[in-house]
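Data first, discussion second: the structure below is written as structure tokens.
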Amino acid sequence: MQDADTLRRFIFENAPVRGEIVRLNATWRAVLERHDYPPVVRETLGEYLAAAALLSGTIKYDGSLIMQIRGTGPITTLVAECTSQRTVRGLAKWVGEIAPGSLSELTGAGNLVITIDPGPDLQRYQGIVSLEGNNIAQALGHYLERSEQLKTQLWLVANESLAVGMLLQRLPDTAAHAGQDEDLWNRVQQLAATVTPEELLTLSPADLLRRLFNEEDLRVFEAEPMSFRCTCSRDRVRNMLRALGPDEVHDIIKEQGAVSITCEYCNQKYRFDAVDAEQIFAADVPPLGSLTRH
Ligand SMILES: [Zn+2]
């Protein structure tokens, strides 16, 4: 389908209201093919990934936006990550049998932490979303209204082949909007409230906008491609092992012959044997010159 893996941003011409539609298809299936999730976990993860993509479209940043849950309910861990390059990855862990339920029934008493990580050595931003309300769309809407004073509504839906989200946000008034269409935010909310999960899943972003806001003056920006990409690398694993320290790493190698690590997001395997370990920790020894120089 047209616009299969894209983020579409749009604004209403006569009032400070913006919106986005994200639609993940091959991207979403790439996340799913690496894990066998029960339907409830799958749908929850898909909604969070769509939400991460939508949120990342509302802010200017370089790096990763990470939504992470440590829950006490049947879903114990959930991570949805979107980079400023519009790549996503995600992961969920669960225990036991799991049935559809409200936000708190799925994740228990817990918080959702949103981190914006601009890369090594740079200041991270963190926000904490309390997991209240019926679903994550509601919880995020409340959070953005409270923390950013931006009225925001989200719609999220996922199945085995698509993760789709729509966001509408009332921006602060500017002089340019003074005296313009005061009623637009209310009207847009009412129109958007009629959207069904079925429509979100079956209509292309262009058709969805036509169906909902046909009478409104909209400016739709070019579709931005989204894709699946894991940010793991051999270098990152090497840094992790360096942080573990030589004793721990040499112990594992003595017991198991090598350190084998599988990335939980993409199933990529990394293996470090005794020779690799030597190289990792050799770099920590100061070069000879620095010992003799005074
Ligand atoms: Zn990976």
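The values are calculated or read from the model by the stated rules, or taken from the named source; none is laboratory data. Note that the structure is predicted; figures quoted are calculated from it, not measured. Positions of Cβ are backbone-derived with ideal geometry, glycine not excepted, and every protein chain shown enters the neighbour counts.
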>> Considering only residues that are aliphatic (A, V, I, L, M) and loosely packed, with under 12 Cβ neighbours inside 10 Å, which ones fall in region 221-260?
In response: Ala243
> Asp36 versus (1) surrounded by 21 or more Cβ atoms within 10 Å (Cβ to Cβ); (2) over 23 Å from Gln153 (Cβ atoms): which is the lone unmet condition?
Replying inline: (1)
>> Between a residue in region 194-218 that is hydroxyl-bearing (Ser, Thr, Tyr) and any residue that is in a loop (DSSP other than H, G, I, E, B) and at pLDDT below 95, which pairs come within a Cβ distance under 7 Å, given they are 6 or more apart or on different chains?
In response: Ser204/Met1; Ser204/Gln2; Ser204/Asp3
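Just to confirm my filter: which strands (runs of 3 or more DSSP E) fall fully inside region 55-107 and include at least 2 residues that are touching a Lys or Arg at 6+ places or on another chain (Cβ under 9 Å) and either closer than 21 Å to Pro120 by Cα or touching a residue at least 60 places away in the same chain (Cβ under 8 Å) (or both)?
75-83, 87-94
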> Given the structure, is Arg124 touching a strand residue (DSSP E or B) at 6+ places or on another chain (Cβ under 7 Å), more than 18 Å from Leu49 (Cα to Cα) and either at pLDDT 85 or above or within 16 Å of the ligand (Cβ to nearest atom) (or both)?
Replying inline: yes
> For Tyr270, all conditions in the list (1) modelled with pLDDT of 95 or more; (2) under 30 Å from Ile21 (Cα atoms); (3) within 14 Å of the ligand (Cβ to nearest atom); (4) not small (Gly, Ala, Ser) hold save one; what is the number of the exception?
Replying inline: (2)
>> Given the options Gln169, Gln153, name the one that is farther than 27 Å from Pro39 by Cβ and either among the charged types (D, E, K, R) or out of contact with any Phe, Trp or Tyr (no Cβ under 9 Å at 6 or more places or on another chain) (or both).
In response: Gln169
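This table checks each residue for (1) crowded, with 17+ Cβ neighbours inside 10 Å; (2) assigned by TED's automatic domain parsing to the domain that holds Leu103; (3) over 30 Å from Tyr265 (Cβ atoms); (4) over 26 Å from the mean Cα position of the chain (by Cα).
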{"position": "Val164", "(1), (2), (3), (4)": "yes, yes, no, no"}
{"position": "Val188", "(1), (2), (3), (4)": "yes, yes, yes, no"}
{"position": "Leu200", "(1), (2), (3), (4)": "yes, yes, no, no"}
{"position": "Ala206", "(1), (2), (3), (4)": "no, yes, yes, no"}
{"position": "Arg211", "(1), (2), (3), (4)": "no, yes, yes, yes"}
{"position": "Asp217", "(1), (2), (3), (4)": "no, yes, yes, yes"}
